[in-house]
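Contents: one structure, followed by commentary.
Readers should treat all values here as calculations from the given coordinates under stated rules, not as data from a laboratory. Treat the numbers as computed from the prediction; the structure is a model and nothing was measured. No Cβ is skipped: glycine too gets one built from the backbone with ideal geometry, and neighbour counts run over all protein chains shown.
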Amino acid sequence: MRIDVVSLFPDFIAQCAAFGVTGRAVERGLLWLHGWNPRDYAEGNYRKVDDRPFGGGPGMVMLIDPLRNALQAARQADPAPSRTIYLSPQGRPLTQSRVRELAGEQRLVLLCGRYEGIDERLVAAEVDEEISIGDYVLSGGELAAAVLVDAVTRLQEGALNDAESAQQDSFGDGLLDCPHYTRPVEHELGAVPEVLLSGNHAHIAAWRRMQSLGRTSQRRPDLLDEQALSKADRKLLEQWRVEQG
Ligand code: 4FV
């Protein structure tokens, strides 16, 4: 997968992606990451990339042309078609299902804002999709872009080794993940649930499913349509509630 990032701080993303799974994906040639700085495409001695907002108010707004020139340079750098995503609080909330879809793209071009944001005419003309990583305000879109790069890269074929498999992921099936345990079996903080030591894979899978259903119903009821649950899942959820007392 090729990801081009238009940002005033292109090294930011490169640094974020230099570690762990994403760093290894770059080494394995599974991820090709490239930054484009709009300041390199700005006119004048001061290479201006922002200006004061029309209508007044605090802060600055990013100018159209430096961004537009950087986007065009990024697209022309590779003939493969790309999808341009602007990371902003006005975007559609990022979910694992959207991550899975985007992970299937050959190329992404990520647009990162700074200051109050970007001139809306550039967004309307050049952006295919706006995505938000959450209802809070960051000082720039770079962290959001790094989140997206990490999330799609780990779904690239060969990015994760078995131990890291994405199969068991949270939201793999729209539910929160089950709790995880490792050595020691006994610890002053408590013991490992017996079923996980039983070696009975069917019982272990049922216990993990019950935990995912229970946690999701308690912590994120917005993610769980109980009416749509299978008879087996409804029974597991009931058992979880009984055990919670
Ligand atoms: C953001 C978010 C975000 C808004 C103004 C950058 C900042 C500044 N991006 N999800 N939440 N962006 O806060 O994606 O330009």
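In order along segment 79-96, phi translates into HN-Hα couplings of x, 4, x, 10, 10, 9, 10, 9, 7, 7, x, 8, x, 6, x, 6, 10, 5 Hz, rounded to whole numbers, per the Karplus curve 6.51 cos²θ - 1.76 cosθ + 1.60 with θ = phi - 60° and x for Gly and Pro. Size of segment 170-244: Rg and Dmax of its alpha carbons, in Å, are 13.2, 40.
In order along segment 136-145, phi translates into HN-Hα couplings of 8, 10, 8, 7, x, x, 4, 4, 5, 5 Hz, rounded to whole numbers, per the Karplus curve 6.51 cos²θ - 1.76 cosθ + 1.60 with θ = phi - 60° and x for Gly and Pro. Phi angles of segment 151-158 translate, via the Karplus equation with coefficients 6.51, -1.76, 1.60 and θ = phi - 60°, into HN-Hα couplings of 5, 7, 5, 5, 9, 6, 3, x Hz per residue; Gly and Pro are given as x.
Ranked by the mean number of other Cβ atoms within 10 Å per residue, highest first, peptides 223-229, 51-57, 208-214 order as 208-214, 223-229, 51-57.
Spherically averaged projected area of the convex hull of Cα atoms, the chain: 18.2 nm².
Taking all Cα pairs closer than 8 Å and separated by 6 or more residues, the relative contact order of the chain comes to 19 percent.
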